[in-house]
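Participant: Starting off with a structure, shown below.
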Amino acid sequence: MGAALGMLAAACSSKKENGVPVVNLEALSAIPLDHSIDSLAKGTEFIDVTLPPNARIDELSQQELGLLKAAAFRFYHHVTLADNQYKVDLKDPKSLYISDQVIKAYERAIVNTNHFADSMAKAGQAIQLPAVNEEYLNKLLK
């Protein structure tokens, strides 16, 4: 299951595409924070993150990591797994209090992951995508 979680985003590292951070959630959850983001992740403070071009996850500051983890925590509460495809059920993106560019980055990560799972299945190497559950989401808070 751990290897499949690494495919929640297509990129192996955080990078900037047209000003938008794209994050590998497995790597993001694996890097510990030196501060608590519990109230930020569960609150309504607006989150916006702008990363330098080609930023790698191991080069990010603790503040940037905290913002990305909190945004991921909020966004992925609206993601479910059905028929080995992730579905985003987000009727009002503004209710997340996350910048549009960050939401679009996570949406692209979902599309890329679903495409990857489809292409593996077509190649005869089907993988089972893991459900995004509370246990996984809570790892982002640390």
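Participant: When you scan region 67-108, how many residues do you find that are over 15 Å from residue 137 (Cβ atoms), among the hydrophobic types (A, V, I, L, M, F, W, C) and assigned to a helix (DSSP H, G or I)?
Facilitator: Final tally of qualifying residues: 4.
Table: residues versus (1) surrounded by fewer than 19 Cβ atoms within 10 Å (Cβ to Cβ); (2) at pLDDT 95 or above; (3) aromatic (Phe, Trp, Tyr).
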| position | (1), (2), (3) |
| --- | --- |
| 12 | yes, no, no |
| 19 | yes, no, no |
| 22 | no, no, no |
| 31 | yes, no, no |
| 35 | yes, no, no |
| 41 | no, yes, no |
| 47 | no, yes, no |
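Participant: To continue, here is another question. Please indicate, with yes or no, whether at least one residue in region 103-125 is under 29 Å from residue 39 (Cβ atoms), loosely packed, with under 15 Cβ neighbours inside 10 Å and not aromatic (Phe, Trp, Tyr).
Facilitator: No: zero hits.
Participant: Right, another one. Just for region 111-142: of the residues that are farther than 19 Å from residue 41 by Cβ and of a type in the set (Val, Ile, Thr), which one is farthest from the chain's Cα centre (by Cα)?
Facilitator: Checked region 111-142; the qualifying residue farthest from the chain's Cα centre (by Cα) is 127.
The values are calculated or read from the model by the stated rules, or taken from the named source; none is laboratory data. Since the structure is predicted, the reported quantities are computational estimates derived from the model, not experimental observations. Because the Cβ atoms are built from the backbone with ideal geometry, glycine has one as well, and the counts that use them run over all protein chains shown.
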